[in-house]
1. So in region 1-40, with the set limited to residues that are in contact with a His (Cβ under 8 Å, 6 or more places away or on another chain) and not in a strand (DSSP E or B), which one is nearest to G100 (Cα to Cα)?
2. What about G9, is it under 24 Å from T131 (Cβ atoms), touching a strand residue (DSSP E or B) at 6+ places or on another chain (Cβ under 9 Å) and at pLDDT 95 or above?
3. Does region 90-99 include one or more residues that are loosely packed, with under 12 Cβ neighbours inside 10 Å and at pLDDT 95 or above?
4. Looking at region 65-80, is at least one residue among the hydroxyl-bearing types (S, T, Y), part of a loop (DSSP other than H, G, I, E, B) and modelled with pLDDT of 95 or more?
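The values are calculated or read from the model by the stated rules, or taken from the named source; none is laboratory data. These numbers come from a predicted model, not from an experiment. Please note: Cβ atoms are built from the backbone with ideal geometry, for glycine as well, and neighbour counts cover all protein chains shown.
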Amino acid sequence: MNEGPIVVGVDGTSAGVRALSWAMDEATLRGVPLHVVNVWNYEPLADWAMTSEQEARGRSEATVESALREVAVGRETFPRIIRKCLRGSAAEVLEEQARGAALLVVAAHTGGGLRRIVLGSTTAHCVRHSTAPVVVLPPAAVEAPHDGAKVEEGAR
C-alpha cells in the first residue's frame with residue numbers, strides 16, 4: 001500500500017518539537033516521507049515590528065531547522081524529510097497540506113486564557129476540517145505553581 005506522507009506542524013515551541021519527534025518516529029516506522037511545515041505570515045501594514053517579508057520567511061526556515069536539529073539527537077534512522085515554510089493562516093495551510101496525507105500531527109499547547117484560545121484554535125480547526133486523520137499530542141507535564149510537583153495539564 002502506498003501511503004501518503006505524514007505532515008507535522010512546528011511552531012518554535014517545545015510542543016511543536018514533541019509533535020515533530022512523534023511524527024518522525026511514525027514516518028520512520030511506516031517508511032513514508034515527513035513534511036515538516038511552519039506557517040508564517042507577514043502583513044506590512046499591521047506588523048508593528050520593523051520586519052521584511054524576507055526576514056519573516058527566514059525566521060520560519062530557522063524554526064524548522066532548529067526543531068529538526070533538536071529531534072535528530074540520538075537518532076540513527078530518518079524518514080525522507082521535506083521542509084515547507086509557507087505563508088498564510090496556520091490552520092488553513094495545515095489543512096491544505098494534509099490533503100492526501102496519511103496523518104496530520106499537531107500538538108496541544110498549555111497556557112491560560114487568551115493564549116489557550118488563540119493557540120488552540122489551529123488544532124481545533126485541523127481536527128474539524130482535515131481530510132486526513134489528525135493526531136493531537138497532549139500537553140506535556142507542567143510544573144504546578146504551588147508545590148513544584150509535576151501534574152498533567154488536564155488534571156488541574
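1. P5
2. So G9 passes the test.
3. no
4. Within region 65-80, one or more residues are among the hydroxyl-bearing types (S, T, Y), part of a loop (DSSP other than H, G, I, E, B) and modelled with pLDDT of 95 or more.
Rundown of residues vs (1) within 17 Å of S89 (Cα to Cα); (2) of a type outside the set (A, V, I, L, M, F, W, C); (3) at pLDDT 95 or above, yes/no style:
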{"residue": "V17", "(1), (2), (3)": "no, no, yes"}
{"residue": "M24", "(1), (2), (3)": "no, no, yes"}
{"residue": "G31", "(1), (2), (3)": "no, yes, yes"}
{"residue": "V36", "(1), (2), (3)": "yes, no, yes"}
{"residue": "W48", "(1), (2), (3)": "no, no, no"}
{"residue": "S52", "(1), (2), (3)": "no, yes, no"}
{"residue": "R57", "(1), (2), (3)": "yes, yes, no"}
